[in-house]
Ligand SMILES: O=C(O)CCC(=O)C(=O)O
Ligand SMILES: [Fe+2]
């Protein structure tokens, strides 16, 4: 069975959602927090997002990316890195762990980073109640029902996200009251991001020779990420015991992949790990010359606090490893080189 022997633990979240006693809840919370401390990643089964909704989300995603380019371009990602919504065609977004250096020329840094393009396309969706990041929708006639479904899915995912956040923070030792006031209340759902991702088929050699990438190694920036992936495979997670070595995080039917982002790492003073991960060749392929790697679809849901929230060490009696940071400032710092400054979808790639 995929996942067997993997250092990424499989957690049955029904044991939290349907726990008969606070003691049982505590147990599962500790298991989850332990996975987040050791690996930063866990497979979550019985997570509470209904399977028919997940399947429908993938069906919509396929429909969206199957549209002709001119139609997808009716919902273009706005110019520059700071508003992250709408459609990005292959080559527009460049994922990396690189952070803009003060005083450096961002154009030169950007050119260097973009030598290897990410061969993927994406569509980003947020809540409708957040004017700083307005959604960019396709005209309803192009994909009738898409908008309504995606917003419903967004809020469904948030229900599970809140429970996961609750369990992780209580597993870390926070009282229920502290978990609510310090973490949950700062995550109203306003500022999450639902991302549809499509990695088109590509000759294996192009990925092997790093002529192009699917998604290079990076940590996620926010609090937690819930990832739904199709059966293709290709997600890899850095081995917690061997830096630089990446392990396959093979898809497990019905499971979502949970990972800790930079903010929970900072809040917990590095107790919780924000682990590097990437998307590359799927495992166990024949490797014949000219072989084409199949298309891959994935749907991450990034959970973040509200923009003005200050993130600082919550662990008592420990010297803070990171200075306090406002989430929106940190997001901008990480976003700066992901999209060419001032360039809009359609003028790149
Ligand atoms: O496509 C995937 O499986 C991973 C996506 C991811 O890591 C991201 O978008 O941050
Ligand atoms: Fe990621």
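The values are calculated or read from the model by the stated rules, or taken from the named source; none is laboratory data. Remember, it's a predicted structure, so these values are computed and weren't measured experimentally. Here Cβ is always computed from backbone atoms with ideal geometry, including for glycine, and neighbour counts include all displayed protein chains.
Here are the numbers for the structure shown:
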item	result
Residue count for segment 307-320, restricted to those that are in contact (Cβ under 8 Å) with a residue 40 or more places away in the chain and either assigned to a helix (DSSP H, G or I) or touching a helix residue (DSSP H, G or I) at 6+ places or on another chain (Cβ under 8 Å) (or both)	6
Where residue 65 falls short, out of the listed (1) modelled with pLDDT under 95; (2) in contact with a helix residue (DSSP H, G or I) (Cβ under 8 Å, 6 or more places away or on another chain); (3) within 15 Å of ligand 1 (Cβ to nearest atom); (4) farther than 19 Å from residue 219 by Cβ	(1)
Entirely in segment 1-92, the strands (runs of 3 or more DSSP E) that have 1 or more residues that are more than 19 Å from residue 194 (Cα to Cα) and touching a strand residue (DSSP E or B) at 6+ places or on another chain (Cβ under 6 Å)	10-12, 41-45
Any hit, segment 222-230, residues being within 12 Å of ligand 1 (Cβ to nearest atom) and surrounded by fewer than 21 Cβ atoms within 10 Å (Cβ to Cβ)	yes
Qualifying residue in segment 260-267 (condition: under 25 Å from residue 119 (Cα atoms), away from ligand 2 (no atom under 16 Å from the Cβ) and at pLDDT 95 or above)	no
Residue in segment 196-218 that is nearest to residue 232 (Cα to Cα), counting only those that are outside any loop (DSSP other than H, G, I, E, B) and within 9 Å of ligand 1 (Cβ to nearest atom)	199
Top-ranked residue of segment 198-223 - restricted to ones that are in contact with a helix residue (DSSP H, G or I) (Cβ under 8 Å, 6 or more places away or on another chain) and closer than 30 Å to residue 266 by Cα, ranked as nearest to ligand 2 (Cβ to nearest atom)	220
Some residue of segment 149-172 being touching a residue at least 24 places away in the same chain (Cβ under 8 Å), buried (at least 22 other Cβ atoms within 10 Å of the Cβ) and part of a loop (DSSP other than H, G, I, E, B)	yes
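For every residue, the table says whether it meets (1) buried (at least 23 other Cβ atoms within 10 Å of the Cβ); (2) within 11 Å of ligand 1 (Cβ to nearest atom); (3) touching a residue at least 24 places away in the same chain (Cβ under 8 Å).
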{"position": "232", "(1), (2), (3)": "no, yes, yes"}
{"position": "240", "(1), (2), (3)": "no, no, yes"}
{"position": "246", "(1), (2), (3)": "no, no, yes"}
{"position": "261", "(1), (2), (3)": "no, yes, yes"}
{"position": "274", "(1), (2), (3)": "yes, no, yes"}
